[in-house]
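Below is one structure, written out as structure tokens; comments come after it.
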Amino acid sequence: MIPPNSLDAILEAFRSATSFILTAHINPDGDAVGSMLALRRLLLQWGKEEIHCVLSNVAPEECQWLPDVERIVGPDVPLPSADWLIMLDASRRTRLGAVADKLHPSMPMITIDHHADDAPHGDIVLVDPSYGACGEIIAELYQQAGLVPDYEAALCLYVAIITDTGSFQFPNTSARTHRLVADLLAAGVDAGEVSGRVFHTMSRGRFTLMVRVLQRLQISGDGRIAWSEVFPGDFNETGARPEDLNNLINYGRDIDGVEVAVLFRSIDPTTTKISLRARPSFNAIPVAAYFDGGGHPGAAGATLNMSLGEARRAILTRIQDYMGETT
Ligand code: AMP
Ligand code: MN
Ligand code: MN
């Protein structure tokens, strides 16, 4: 008997299928893109030919060099139906952005994710927050299938894992993370070269945006909360792209005494996206979940139907309430 929702259950589902659509969350990061491209290679290695990769937005700059990234299509390209839809690094259809509306609603779905979620969507659901990255689950899928990732797949998995573990600095890094990564290095991945490309290369636009966000940083009177703001005009004026904001707010969280940092990004006058980054003393999930978002204890997010000012008041109040309850 194959245990339900296991690596074996996923492989069993792959066995008899011929066509697949792979997708991942809106505003994809290195884990979303790396996991998708590595799973695509696993399926190819297994002799599957019909594999479509689709994302609601273009892959971020730090992933643009990954092998076959150009094969990922956007939500405007018509998609066929497939034997399986595979949702990566996300556990609800609502996280897929514009892609969600393009998918045949009755297509069976396999969900592979590491975000905590008590009601994930999908017919086969492997959602396990003990993994530091979705890429770790894909690396285990290779092992379970008896396959060895080729150099290109190893690169994609390595990028997935270093992005989500902050190069093994975040508390989601485990012995398993390092064991899986050891195999990727053995497959030829050059750690120095990859981190140079992923973490230490930025456009001038991104740098200018970073300066703006850091200059706008504010700290609450008690020193426990830091926040900053971004407006639509910042992108035109600096030439930066929205994904250039990824993890910029981590600097706020790093300030002595700060337990949680928030970036408020105004999308339009009635929509604001928030990014939360917290130290282990503060759990960001309940704050994000209160506003229908989610994530991890140390990094969570949500999109609010509010102006930036309203979102700022609502979120800061919520955080202060939680701090009051837990101290
Ligand atoms: P971000 O601040 O956008 O980098 O997101 C931090 C973490 O929270 C990531 O793991 C995201 O996948 C997750 N996250 C962000 N926004 C949402 C949302 N609206 N719903 C669920 N998870 C989210
Ligand atoms: Mn992700
Ligand atoms: Mn992830």
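Can you order the peptides 285-291, 158-164, 216-222, 24-30 by their average number of other Cβ atoms within 10 Å per residue, highest first?
158-164, 24-30, 285-291, 216-222
Mean residue ellipticity at 222 nm from the helices of the chain, using -39,500 (n - 2.57) per DSSP H segment of n ≥ 4 over the full residue count, to the nearest 500 deg cm²/dmol?
Values: 12 runs with 126 residues, N = 327.
About -11500 deg cm²/dmol.
Would you mind checking which residues have amide H under 5 Å from Leu22's amide H? H placed 1.01 Å from N; only 5 or more apart, or other chain.
Under 5 Å from the amide H of Leu22 lie the amide H atoms of His52, Cys53, Val54, Ile86, each far enough along the sequence or on another chain.
I'd like the orientation of helix 134-145 relative to the chain: the angle between its Cα long axis and the longest Cα principal axis, in ° from 0 to 90, rounded to 10.
Value to nearest ten degrees: 20.
Please list, by residue number, everything in region 20-36 whose backbone N is under 17 Å from a paramagnetic label point 7 Å out along Cα→Cβ of Glu193.
None, by backbone N distance to the label point.
Between Asp254 and Ser6, what FRET efficiency comes out of the Förster formula 1/(1 + (r/R0)^6) with R0 = 45 Å and r the beta carbon distance, rounded to 0.05? Let's see the in-between values first.
Working: r = 38 Å, r/R0 = 0.85.
About 0.75, to the nearest 0.05.
Any read-out appearing in this document is the output of simple, stated calculations on the displayed coordinates, not a laboratory observation. Keep in mind that what you see is a predicted model, and the values were worked out from it rather than measured. Quick reminder, even Gly has a Cβ in these numbers, built from the backbone with ideal geometry, and neighbours come from all protein chains shown.
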